[in-house]
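Visitor: Quick one: this structure, given as structure tokens, is what I'll be asking you about.
The values are calculated or read from the model by the stated rules, or taken from the named source; none is laboratory data. Note that this is a predicted model, so its numbers are computed, not measured. Because the Cβ atoms are built from the backbone with ideal geometry, glycine has one as well, and the counts that use them run over all protein chains shown. Quick note on the areas: whole protein, heavy atoms, side chains included, nothing else; ligands and nucleic acids left out. Shrake-Rupley method; radii C 1.70, N 1.55, O 1.52, S 1.80 Å.
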Amino acid sequence: MLKQNENLTDRLLRGVLAEALFVVGYFWLAGAWQAVAYVLGAAMLITSVTGFCSLYLVMGVDTKKSFAAPRKYFITGLVAVLVVLPLAGSYASSFFSKKFFLEDFNYMNNYYKQALFNTGQEKRQESIDNYSQLVSAYAEFKDKYGKFRPVSLRRDKELTSDLIKVDNLIKDVETEVRSGDLKVAHTKLEEVRPLWQDIFKRNGYSMLAVALVDFHDSMEKMLDPASAGNAQGVQDAYADADSKLKAVEEEASDDEIKAIRKNLDQLLELAKGQANKDELAKQVAELKSSFVKVYLKRG
């Protein structure tokens, strides 16, 4: 039997690294990189459990001869490694991978909405500009999520085919957008919306979640000048935040959503009344609190 050459602190740190590699690999990586994370995680876990590292043997290293944390701290750390770290890491990773997906979607979808609006209004140059941006943004989105799947989308066997359908619908309207009938382009682009609604619905997303993320970005553009005491900046940013909050209100209009509306409008009124920096900062905190309360529960 091989002699152990790792002290308790060394073993604990290896266990922490193993858990981290497994969480990162599962939630954030794909393909070869995911395999690398799993292999390294398994190696760290095995050496943590056995207390033996073959690389140490080759290098002539033995950390058992150096200082190690007392056993009572090792037990506490072991509990953290086995229970707290994977639970906390999994929750945070699931939450943020979903959040980042929605942010990427909203970034791309903003160009879609603008292209849809401008083709409906038969504005040629605006349609061309937004369509070109949509094609570029969607290509990046499709490439990223064609390879990497957030855990919330991992079981969706139809996602790949739906991404291709959206891609084909977007590409199919190029002639109409650039030189043809914009009304026809508008009608064709309308077919994209139900595809996304199906994707979100079957994967447990709500359109409220999409709208909340979209609103958050506009809300931050009000919060930054408010926190700096810039009343005019708050007023300038209100229209966009108001528009995005209306999209949220179309999905839900309960007391929690009304609290966001109340705090948003109150921030505007304070800015119009040239409130001081402290008053604006206090209202910023109220608005953030009401938004976070809804987003954590329903985003």
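Visitor: If GLY41 passes every condition in (1) part of a helix (DSSP H, G or I); (2) more than 17 Å from TYR91 (Cα to Cα); (3) open to solvent by 40 Å² or more (accessible area, probe 1.4 Å) but one, which one does it miss?
Guide: (3)
Visitor: Could you tell me how many of the residues in the range 225-257 are among the acidic types (Asp, Glu) and under 13 Å from ALA271 (Cα atoms)?
Guide: Number of matching residues: 1.
Visitor: Any idea how many residues of the range 110-129 are under 17 Å from ASP181 (Cβ atoms), crowded, with 19+ Cβ neighbours inside 10 Å and either out of contact with any helix residue (DSSP H, G or I) (no Cβ under 9 Å at 6 or more places or on another chain) or not small (Gly, Ala, Ser) (or both)?
Guide: 3
Visitor: Further question on the same structure: Identify all residues within the range 163-184 that are acidic (Asp, Glu) and either at positive phi or open to solvent by 30 Å² or more (accessible area, probe 1.4 Å) (or both); write none if there are none.
Guide: ASP172, GLU174, GLU176, ASP181
Visitor: If only one of SER90, SER48 is surrounded by 13 or more Cβ atoms within 10 Å (Cβ to Cβ), under 30 Å from ASP217 (Cβ atoms) and of a type outside the set (Lys, Arg), which one is it? Before you say what the answer is, go through the steps one by one.
Guide: Numbers: SER48 fails: under 30 Å from ASP217 (Cβ atoms).
Exactly one of SER90, SER48 is surrounded by 13 or more Cβ atoms within 10 Å (Cβ to Cβ), under 30 Å from ASP217 (Cβ atoms) and of a type outside the set (Lys, Arg), namely SER90.
Visitor: Please specify each residue of the range 217-237 satisfying the condition of being open to solvent by 40 Å² or more (accessible area, probe 1.4 Å) and not charged (D, E, K, R). Spell out how you get there, then give the answer.
Guide: Of the residues in the range 217-237, the ones open to solvent by 40 Å² or more (accessible area, probe 1.4 Å) are 217, 220-221, 224, 227-228, 230, 232, 235-236.
SER227, ALA228, ASN230, GLN232, GLN235, listed by residue number.
Visitor: Then there's this: Do we have GLY204 as open to solvent by 10 Å² or more (accessible area, probe 1.4 Å), more than 20 Å from ARG124 (Cα to Cα) and in a loop (DSSP other than H, G, I, E, B) here? Walk me through it before giving the result.
Guide: Working: open to solvent by 10 Å² or more (accessible area, probe 1.4 Å): yes; more than 20 Å from ARG124 (Cα to Cα): yes; in a loop (DSSP other than H, G, I, E, B): yes.
Taking the combined requirement at face value, the residue satisfies it.
Visitor: Looking at (1) part of a loop (DSSP other than H, G, I, E, B); (2) free of Cβ contacts under 8 Å to residues at least 12 places away in the same chain; (3) aliphatic (A, V, I, L, M), find the lone condition where VAL61 falls short.
Guide: All conditions pass for VAL61, except number (2).
Visitor: Sticking with this structure for a sec: Is at least one residue of the range 199-209 closer than 16 Å to ASN109 by Cα and at pLDDT 95 or above?
Guide: No, the range 199-209 has no match at all.
Visitor: Mind counting the residues in the range 6-38 that are surrounded by fewer than 17 Cβ atoms within 10 Å (Cβ to Cβ) and among the small types (Gly, Ala, Ser)?
Guide: Of the residues in the range 6-38, 4 are surrounded by fewer than 17 Cβ atoms within 10 Å (Cβ to Cβ) and among the small types (Gly, Ala, Ser).
Visitor: So, in the range 219-256, exactly how many residues are among the charged types (D, E, K, R) and over 19 Å from SER206 (Cα atoms)?
Guide: Matching residues across the range 219-256 total 6.
Visitor: Please go through the range 210-262 and pick out each residue that is hydroxyl-bearing (Ser, Thr, Tyr) and under 22 Å from ASN110 (Cβ atoms).
Guide: Answer for the range 210-262, where residues must be hydroxyl-bearing (Ser, Thr, Tyr) and under 22 Å from ASN110 (Cβ atoms): SER218, TYR238, SER243.
Visitor: So, SER243, is that one surrounded by fewer than 16 Cβ atoms within 10 Å (Cβ to Cβ) and assigned to a loop (DSSP other than H, G, I, E, B) or not?
Guide: Against the criterion (surrounded by fewer than 16 Cβ atoms within 10 Å (Cβ to Cβ) and assigned to a loop (DSSP other than H, G, I, E, B)), SER243 does not qualify.
Visitor: Among (1) of a type outside the set (Phe, Trp, Tyr); (2) open to solvent by 20 Å² or more (accessible area, probe 1.4 Å); (3) under 25 Å from SER94 (Cβ atoms); (4) in contact with a Gly (Cβ under 7 Å, 6 or more places away or on another chain), which single condition is LYS277 missing?
Guide: Unmet for LYS277, out of (1) of a type outside the set (Phe, Trp, Tyr); (2) open to solvent by 20 Å² or more (accessible area, probe 1.4 Å); (3) under 25 Å from SER94 (Cβ atoms); (4) in contact with a Gly (Cβ under 7 Å, 6 or more places away or on another chain): (3).
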